[in-house]
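The structure appears right after this line, and notes come after that.
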Amino acid sequence: MGMKRFVVWVAACSVLALPAVSSTAEMDHGGMHGMSHDHADRKAGETIFSGEIGPWKGEARLIDKQVYMEQSGVSAKIAARFAGERHLMMFLTDPKTGNPVSVTAGKVVITGPDEASSSKVTLVVMGGHIGADVNLPKPGTYTFTAEIESGGKKESAVFSHSLNQAIPAPK
């Protein structure tokens, strides 16, 4: 990866993490007047899973990074550098408190329409979610097997997403 592309990628990660960091920081302000939760990150992309993952409430979202960058106000030229790239975000909350779960580890095995479009990614803690860039090169159904570990508990969830149109991979 060239230095220029690396710098752009770091900038993109920063843009993706800002709303989540803002949300996390504001959670400590509870009933203080004028303090609110900005859940912009939770609304980004398409929901591909919502349900229970062991004791937690889970949600998985898939972001088209080029579209996300365009919507965040980045120039079309810079946003075009992210054509074909997607980001998987997973949010976990404690159903009793509604608070985010501090996740320590996670991985997802992605089974694509053929062996060439299958992969395994490690989920990284990113502000209010865990996530990873994923490659979904072909149209078809992708099955995600997520394995999450937090507080000594290991849980998993399996969910599928149909991709109607593949986005060309970056050059």
Have a look at segment 59-164 and give its Rg and Dmax from the Cα atoms, expressed in angstrom. 14.9, 45
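Over 29 Å between C-alpha atoms is what I'm after, so list which of 65/153; 120/154; 96/120; 96/138; 43/138 land there. List each step's numbers first, then the result.
On the way: 65/153 31 Å; 120/154 18 Å; 96/120 31 Å; 96/138 39 Å; 43/138 25 Å.
Among 65/153; 120/154; 96/120; 96/138; 43/138, the Cα-Cα distance tops 29 Å for 65/153; 96/120; 96/138.
Rounded to two decimal places and with Rh computed the Kirkwood way over Cα pairs, what is Rg over Rh for segment 45-87? Don't jump to the answer; show the numbers that get you there.
Numbers: Rg = 13.7 Å, Rh = 11.6 Å.
Radius of gyration over Kirkwood radius for segment 45-87 works out to 1.19.
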Karplus couplings for segment 97-108 from phi (6.51 cos²θ - 1.76 cosθ + 1.60, θ = phi - 60°), rounded to Hz, Gly and Pro as x? 9, x, 7, x, 8, 7, 8, 9, 7, x, 8, 9
Could you calculate the FRET efficiency of residue 104 with residue 164 from 1/(1 + (r/R0)^6), where r is the beta carbon distance between them and R0 is 35 Å, rounded to 0.05? 0.50
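Throughout, read-outs are computed from the coordinates displayed, never taken from laboratory work. Bear in mind that the values here come from a model prediction, so they are computed numbers and not experimental data. Backbone-built Cβ (ideal geometry, glycine too); neighbour counts: all protein chains shown.
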